[in-house]
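**Student:** For reference, the structure I am asking about is given below.
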Amino acid sequence: MEQFAFTTLSVFTLVCALGVVLSKNAVNGAMCLLLCLAGIAGLFVQLHAYLLAFILILVYAGAVVALFLFIVMLLDMQGGQPSRPRGAGIVAGVIAAALLITGVDLLAVRGRLPDTAPLGHSVGSSLKLYSYELFTTYLLPVQVMGFLLLIAMLGVIVLSRRMAEPEDPR
Amino acid sequence: MTPHLEAYLMLSAALFAVGFLGVLVRRNTLVIYMCLELMLVAATLALVAFSRFNGTEDGDVFVFFILTVAAAEVAVGLAIIVALFRARQTVQVDQLNSLKH
């Protein structure tokens, strides 16, 4: 049953990811990204990371994709055709594909990952343990992250202000 | 029967590859940005799978931080793209070649 759910979710996620890459219209691409993220949230649930699945839906599907759609509609753009890859692009693609295939081959054939059964009894589901970790071991990163969010907010405000100024004298 | 760790890692690698393909093939800056997000999420999937199969919380906490940084990154990146569009009236990468010459 669990295997079936995993297969379904992974095929769904991969098809939606291909939809992001191949769709001509940017709005369709954003919608495919939304579905892809929903599939990944399902995989997170299967991995017992319930909080992360919730955050993924809330932050990514709720905020990020909405922001993408907003910008796509604001700029009123065409999707742009996937252009013919030229010399350097082909070389980079071949090298990347070779690296990836080598990595997957190493993992599947030669790599020996111990304990393929999941350990711990739904550790990820314990919200209390999670927040305890967050506010003891990882207290400094949490504060740094808050500072980073502040900087990002100020940066976005400055970016949208600065670009408006040169247009005023015209 | 539960899926193995290798299955999750291969799915993650495949998702990453699809995102990378999009970055290479597409010419629209916004679509390239979406594909970058796809690559980021593929990496978080691998982290969550490792965390689950290792029986510790650390990978999950790390993914929490990645999601936070990604949200900030998307806000700043989209602001830059909008600023670029205002300056150049286009977001197609083959027309944004001022730094090339």
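**Student:** Order by neighbour count: A:THR137, B:THR29, fewest other Cβ atoms within 10 Å first, most last. Kindly include the intermediate steps, with their values, before the conclusion.
**Tutor:** On the way: A:THR137 12, B:THR29 22.
Ordered by Cβ neighbours within 10 Å, fewest first: A:THR137, B:THR29.
**Student:** Tell me, what is the percent relative contact order of the range B:5-89, built from C-alpha pairs under 8 Å that lie six or more residues apart?
**Tutor:** On the way: 56 pairs, mean separation 22.5, N = 85.
Normalised by residue count, the contact order of the range B:5-89 is 26 percent.
**Student:** Describe numerically, in nm with one decimal, the distance between label points set 7 Å from Cα along Cα→Cβ at A:LEU22 and at A:VAL91.
**Tutor:** Those two pseudo-labels are separated by 2.9 nm.
**Student:** Would you list B:GLU6, A:GLU133 from fewest to most Cβ contacts within 10 Å? Please list the in-between numbers first.
**Tutor:** Details: B:GLU6 15, A:GLU133 18.
The order, fewest Cβ neighbours first, is B:GLU6, A:GLU133.
**Student:** Non-local amide H neighbours of B:ARG27 (under 5 Å, H modeled in plane, Pro and chain starts lacking H): which ones?
**Tutor:** The list, which skips near neighbours in sequence, is A:SER83.
**Student:** Another question, if that's okay. With charges set only on the Cβ (+1 for Lys and Arg, -1 for Asp and Glu), what does the dipole of the protein assembly as shown come to about its Cα centre, in debye to the nearest 20?
**Tutor:** Details: 15 positive and 15 negative charges, 173 e Å.
The dipole magnitude comes to about 840 debye.
**Student:** Could you give the dipole magnitude of the range B:35-101 about its Cα centre, charging the beta-carbon of Lys and Arg +1 and that of Asp and Glu -1, in debye to the nearest 20?
**Tutor:** On the way: 4 positive and 6 negative charges, 84 e Å.
For this selection, approximately 400 debye.
**Student:** Per residue of A:55-66, count partner chain C-beta atoms within 10 Å of its C-beta, then hand back the mean as an integer.
**Tutor:** Values: counts 5, 6, 0, 1, 5, 8, 0, 0, 3, 9, 3, 0.
Mean partner shielding for this stretch: 3.
**Student:** What FRET efficiency would be calculated for the residue pair B:SER98, A:VAL158, taking the C-beta separation as r and a Förster radius of 30 Å, to the nearest 0.05?
**Tutor:** Details: r = 22 Å, r/R0 = 0.72.
It comes out at approximately 0.90.
**Student:** Show me, for the range A:37-45, the HN-Hα J-couplings you get by feeding each phi into the Karplus relation (A = 6.51, B = -1.76, C = 1.60, θ = phi - 60°), rounded to Hz, glycine and proline as x.
**Tutor:** Once rounded to whole Hz, the list reads 5, 5, x, 5, 4, x, 5, 4, 4.
**Student:** Tell me, what ³J(HN,Hα) does each residue in the range B:3-15 have, in order and in whole Hz, if you take phi through Karplus 6.51 cos²θ - 1.76 cosθ + 1.60 with θ = phi - 60° and put x for Gly and Pro?
**Tutor:** Residue by residue, the range B:3-15 yields x, 7, 4, 4, 4, 5, 5, 5, 4, 4, 5, 5, 4 Hz.
**Student:** Of B:ALA42, B:LEU24, B:VAL63, whose Cα points farthest to the positive end of the dipole of the range B:5-89 (charges on the beta-carbon: +1 Lys, Arg; -1 Asp, Glu; origin at the Cα centre)?
**Tutor:** Most positive-ward Cα: B:LEU24.
**Student:** Another one. Tell me, what is the FRET efficiency for A:LEU106 and A:VAL15 to the nearest 0.05, using R0 = 30 angstrom and their Cβ-Cβ distance as r? All intermediate terms of the calculation are to be shown ahead of the outcome.
**Tutor:** On the way: r = 27 Å, r/R0 = 0.89.
So, using R0 = 30 Å, E works out to roughly 0.65.
**Student:** Given the peptides A:32-40, B:9-17, B:64-72, arrange them by the average over their residues of other C-beta atoms within 10 Å, most packed first.
**Tutor:** Numbers: A:32-40: 23.4, B:9-17: 20.7, B:64-72: 17.8.
The packing order, highest mean first, is A:32-40, B:9-17, B:64-72.
**Student:** Sticking with this structure for a sec: Based on the alpha-carbon gyration tensor of the protein assembly as shown and its eigenvalue square roots a ≥ b ≥ c, which shape applies: rounded if a/c is under 1.5, prolate if not and a/b is larger than b/c, or oblate?
**Tutor:** Numbers: a/c = 2.14, a/b = 1.38, b/c = 1.55.
Since a/c reaches 1.5 but b/c is at least a/b, the shape of the protein assembly as shown is classed as oblate.
**Student:** I've got another one for you. Give me B:HIS4, A:HIS48 sorted ascending by neighbouring Cβ count inside 10 Å, so fewest comes first. Let's see the in-between values first.
**Tutor:** Values: B:HIS4 17, A:HIS48 21.
Ranking B:HIS4, A:HIS48 by Cβ neighbours within 10 Å, fewest first, gives B:HIS4, A:HIS48.
All of the numbers you see were taken from the coordinates with simple rules; none came from a lab. Because the structure is predicted, anything quoted here is derived from the model rather than measured. Quick reminder, even Gly has a Cβ in these numbers, built from the backbone with ideal geometry, and neighbours come from all protein chains shown.
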